[in-house]
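Undergrad: Dropping a structure here in structure tokens format, bear with me for questions.
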Amino acid sequence: MQLSSIKISIVICTYNRAQYLPDALDSLLHQTIDKQLYEIIVVNNNSTDNTAEVCEAYIKKYSDLSLTYLLETKQGASFARNSGAAIAKGELLCFMDDDAIAYPDYVEKIIRFFDQTPDAGGLGGRIIPRYIPAEPKWMSHFVSSLVGNFDYSKEVVVFSENKYPLESNMIIRKKDFEAVGGFNINLPGVQGTLRIGGEGKEFFFKLKALGRIIYYDPQVIVEHVVETQKLTPAYMYRVASGIGRGERVRTKAISTFSFYKKIGEYCYKLTGAIVLAIIYLLKGTPAKMKPVIQFRIDALKGLLGY
């Protein structure tokens, strides 16, 4: 394969998700576009399962697919994404989760979008949760973002000032990735049982500061596998508090004022969550009450360093 034929590099960072990885790879294997136009880079972020064997089997079986396996021992998605981007051959970088499933025209639509939108500095797409076996009755729109639900607009739009793509479905030009220095390793994502999130938010804020325009296209779609049995209070706390921890790092790096302003914002959102819970009660869906409040409490705890 000629290196110049690759237009986009799809980076999948994975940590102990060997059971999910085949579905993600299969979805990229069966795309509507010529395989010579894209490559897949799987970055094993120090997994202890059989991730390496899964990747080696795919490389051996599908010789027509440009699939590269890479080991990154420094724990955290930011380390892994940066390592994958460093060896990418495409002019576009696409980051997709190991438990995501791309629609068949996913890659084709990304390439077409950037070809037709020369001022696009970045792109985010829709993420649809695939609940297994079914969506929990306590799940609501305001909590589902914790499991990757993302439906920003029904049409192609530019993200507003404080909005940005989610990490599991984001695309940028490689030259812009390099211009902002990649992902902040002080916001590594998951490290063992601890999460310090917000790496995507900080990345796109830096990109916007350079004047890049970030678009959303609802037709660039992946599904995100969500096993409902794993949505325990401990899991939800880790994700929600990780958002807060990330904001603690990000805002403190800006200024003390920015940090305290964020505390005020989180307190305001907690008040809003209480009001929302009352509305759920009045609508006859009391199961949705506690999770929406707990989300905001856990995020505030993370922000405060608990």
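Undergrad: Mean projection of the alpha-carbon convex hull of the stretch 33-132 over all orientations, in nm²? Write out the running numbers ahead of the final one.
TA: Numbers: hull surface 30.9 nm².
For the stretch 33-132, the mean projected area of the Cα convex hull comes to 7.7 nm².
Undergrad: Find the centroid of the Cα atoms in the stretch 124-143 and in the stretch 286-306, then give the distance between the two in whole Å.
TA: Comparing the Cα centres of the stretch 124-143 and the stretch 286-306, I get a distance of 18 Å.
Undergrad: Work out the charge dipole of the stretch 31-124 with +1 on the Cβ of Lys and Arg and -1 on the Cβ of Asp and Glu about the Cα centre, then indicate which of Val42, Gln31, Ile87 is farthest towards its positive end.
TA: Ile87
Undergrad: Same structure again: Would you mind working out the magnitude of the charge dipole of the chain relative to its Cα centre, with +1 at each Lys and Arg C-beta and -1 at each Asp and Glu C-beta, to the nearest 20 Debye?
TA: Numbers: 37 positive and 32 negative charges, 270 e Å.
Taking the Cα centre of the chain as origin, the dipole is about 1300 debye.
Undergrad: What are the ³J(HN,Hα) values, in whole Hz, obtained from phi via the Karplus relation 6.51 cos²θ - 1.76 cosθ + 1.60 with θ = phi - 60°, for each residue of the stretch 60-73 in sequence order, with x given for Gly and Pro?
TA: 6, 7, 10, 5, 7, 9, 7, 10, 10, 10, 9, 9, 10, 7
Undergrad: I would also like to ask the following. So what are the ³J(HN,Hα) numbers for the stretch 43-55, from phi and the Karplus equation (6.51, -1.76, 1.60; θ = phi - 60°), rounded to whole Hz, Gly and Pro as x?
TA: For the stretch 43-55, the Karplus curve yields 9, 7, 8, 6, 5, 10, 9, 9, 4, 4, 5, 4, 5 Hz.
Undergrad: Of the cross-linked pairs Lys35/Lys174; Lys154/Lys301; Lys7/Lys252; Lys201/Lys283; Lys154/Lys230, which ones have a Cα-Cα span greater than 28 Å in the structure shown?
TA: Checking Cα-Cα distances, Lys154/Lys301; Lys7/Lys252; Lys201/Lys283; Lys154/Lys230 exceed 28 Å.
Undergrad: With the Cα gyration tensor of the stretch 250-306 in hand, convert its eigenvalues to equivalent ellipsoid semi-axes via √(5λ) and list them largest first in whole Å. Working shown, then result.
TA: Details: eigenvalues 158, 22, 6 Å².
For the stretch 250-306, the semi-axes come out at 28, 10, 6 Å.
Undergrad: Rounded to a whole number of µm²/s, how large is the Stokes-Einstein D of the chain at 25 °C and 0.890 mPa s, given Rh as the Kirkwood radius over C-alpha pairs?
TA: Here the translational diffusion coefficient equals 123 µm²/s.
Undergrad: Could you tell me the relative contact order of the stretch 17-78? Use alpha-carbon pairs under 8 Å, at least six residues apart, and round to a whole percent.
TA: Across the stretch 17-78, relative contact order equals 42 percent.
Undergrad: In whole Hz, what ³J(HN,Hα) sequence does the stretch 78-83 give by Karplus (6.51, -1.76, 1.60; θ = phi - 60°), x for Gly and Pro?
TA: With the stated coefficients, the stretch 78-83 comes to 5, 4, 5, 5, 4, 5 Hz.
Undergrad: Give the Kirkwood hydrodynamic radius (Å, one decimal) of the stretch 195-306, defined as one over the mean of 1/r across all pairs of different Cα atoms.
TA: In the stretch 195-306 this quantity evaluates to 15.9 Å.
Undergrad: Calculate the all-directions average of the projected area of the stretch 52-200's alpha-carbon convex hull, and give it in nm².
TA: Over all viewing directions, the stretch 52-200 projects a mean Cα-hull area of 11.2 nm².
Undergrad: Pick from Leu21, Leu65, Leu231 the residue whose mean-square fluctuation is largest in a GNM of the chain, springs joining Cα atoms under 10 Å.
TA: Leu231
Undergrad: Now for a different question. Once every DSSP H run of n ≥ 4 in the chain is given -39500 (n - 2.57) and the sum is divided by its residues, what mean residue ellipticity at 222 nm do you get, rounded to the nearest 500 deg cm²/dmol? Write down the numbers at each step before the final one.
TA: Values: 9 runs with 123 residues, N = 306.
Helices in the chain give a 222 nm mean residue ellipticity of -13000 deg cm²/dmol.
Read-outs throughout are calculated quantities, based only on the coordinates presented, and are distinct from any laboratory measurement. Every value quoted in this text rests on a predicted model; they were computed, and no experiment measured them. Because the Cβ atoms are built from the backbone with ideal geometry, glycine has one as well, and the counts that use them run over all protein chains shown.
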